[in-house]
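What follows is a single structure, written as structure tokens, with notes after it.
The values are calculated or read from the model by the stated rules, or taken from the named source; none is laboratory data. Because the structure is a prediction, the values reported are computed rather than measured. In this analysis, Cβ positions are derived from the backbone assuming ideal geometry, glycine residues included, and neighbour counts consider all displayed protein chains. Only protein heavy atoms, including side chains, enter the accessible area calculation; ligands, DNA and RNA are left aside. Shrake-Rupley method; radii C 1.70, N 1.55, O 1.52, S 1.80 Å.
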Amino acid sequence: MPSISDCKCVLVIGSTSGIGRALALSILDLPSKPTVIVCGRRKERLEELVATHHATGRLKSVTLDVLSERNALKSSIEEIVDTYPDLDAVLFSSGILRSFDFTRPETIDLDSLECELGTNYTSIVRMITFFLPHLIKLGEQGHPTFLYPVSSGLSIFPAPGIPDYCATKAALHSLSISLAVQLKRKNVHVVEIIPPLVESELHGFQSTTQGLARFWLTLEEYTKETMEGLVRGDSYVPAGTAVERYKKFEEGKLEAAARLYGQS
Ligand SMILES: NC(=O)c1ccc[n+]([C@@H]2O[C@H](COP(=O)([O-])OP(=O)(O)OC[C@H]3O[C@@H](n4cnc5c(N)ncnc54)[C@H](OP(=O)(O)O)[C@@H]3O)[C@@H](O)[C@H]2O)c1
């Protein structure tokens, strides 16, 4: 199975903090010595990462807001592909999390809800669409390429306090299955990363962080387990409690979808 270890150049969108940052740095440490491009809105964090890892000569950065207007986003992605023609993997870790209480509909801020949908789902479908001509071209030349959407264990079983977040992740999960099946014959491998609750800035809302800290995987534990799956070349990479959740509700779905689509 081709895996992250075969990649020459990996772009990690949403790597100014948390899971994306930790995975980007672990990928940078792979013995295969890929180029890693860190990406997000917070320029100072990107600059700090590049400065800290300057000695490798392989950590690059791109400032990007995934909520940019569609044509602007397309131009940014074309520019990335032009600058890094070896780009053979894109990991989508950008995401935000909001809570909504539908028992008090007057409190639902639809701008905030639509921003969550745009960040966690719509922007990712757009970016995948814009990256694919390049990735398919490399794939057809015999070089396997990869898309790594980061969904969540909550894509499989929702947490009712964060209903829109779970719905965006369920959408991304479903999309990942369909694209994995469609794109396999183009030598583009779609590998969904499915984190459980993990220590990160994502949870810095409404002072819930301290409570959650009793249950979450540390970033270090999470990154180790996920990197093992990525390096093995697993078809999907759940970790921690998401493994059990995946086994109970999802096992066999990807393979069944492939059979329905006429692939063995
Ligand atoms: N931590 C968990 O418990 C957990 C569990 C399951 C799934 N996940 C998923 O894992 C992914 C990473 O989350 P995390 O926990 O690492 O959270 P995090 O530390 O808050 O990281 C989120 C990243 O997304 C980027 N981002 C947000 N909006 C963006 C935008 N408009 N344009 C570009 N980048 C944007 C942020 O960069 P800038 O702010 O610099 O732009 C940041 O790098 C998310 O998709 C999340 O849903 C997390």
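Looking only at segment 6-43, which residues are more than 13 Å from the ligand (Cβ to nearest atom), aliphatic (A, V, I, L, M) and in a helix (DSSP H, G or I)? Passing the criteria: 27, 28.
Residues considered: 46, 59, 67. Of these, the only one that is surrounded by 12 or more Cβ atoms within 10 Å (Cβ to Cβ), closer than 23 Å to residue 194 by Cα and hydrophobic (A, V, I, L, M, F, W, C) is 67.
Here residue 188 meets each of (1) among the β-branched types (Val, Ile, Thr); (2) more than 10 Å from the ligand (Cβ to nearest atom); (3) in contact (Cβ under 8 Å) with a residue 60 or more places away in the chain with one exception, condition (3).
Checking 188, 237, 231 one by one, the residue that is over 20 Å from residue 123 (Cα atoms) and crowded, with 20+ Cβ neighbours inside 10 Å is 237 and no other.
Pairing each residue of segment 239-264 that is within 26 Å of residue 185 (Cα to Cα) with any residue that is in a helix (DSSP H, G or I) and among the charged types (D, E, K, R), provided the two are 6+ apart or on different chains, yields C-beta distances under 7 Å for 263/184. When we screen 99, 61, 94 for residues that are within 24 Å of residue 136 (Cα to Cα), touching a residue at least 24 places away in the same chain (Cβ under 8 Å) and in a loop (DSSP other than H, G, I, E, B), the only hit is 94. Taken over segment 123-143, the residue count meeting the criterion of being open to solvent by 40 Å² or more (accessible area, probe 1.4 Å) and among the small types (Gly, Ala, Ser) is 1. Taken over segment 134-166, the criterion of being within 16 Å of the ligand (Cβ to nearest atom), in contact (Cβ under 8 Å) with a residue 40 or more places away in the chain and among the hydrophobic types (A, V, I, L, M, F, W, C) is satisfied by 147, 150, 156, 157, 162. Looking at residue 86, is it more than 16 Å from the ligand (Cβ to nearest atom) and in a loop (DSSP other than H, G, I, E, B)? Answer is yes for this residue. Of the residues screened, residue 101 is not one that is charged (D, E, K, R) and surrounded by 20 or more Cβ atoms within 10 Å (Cβ to Cβ).
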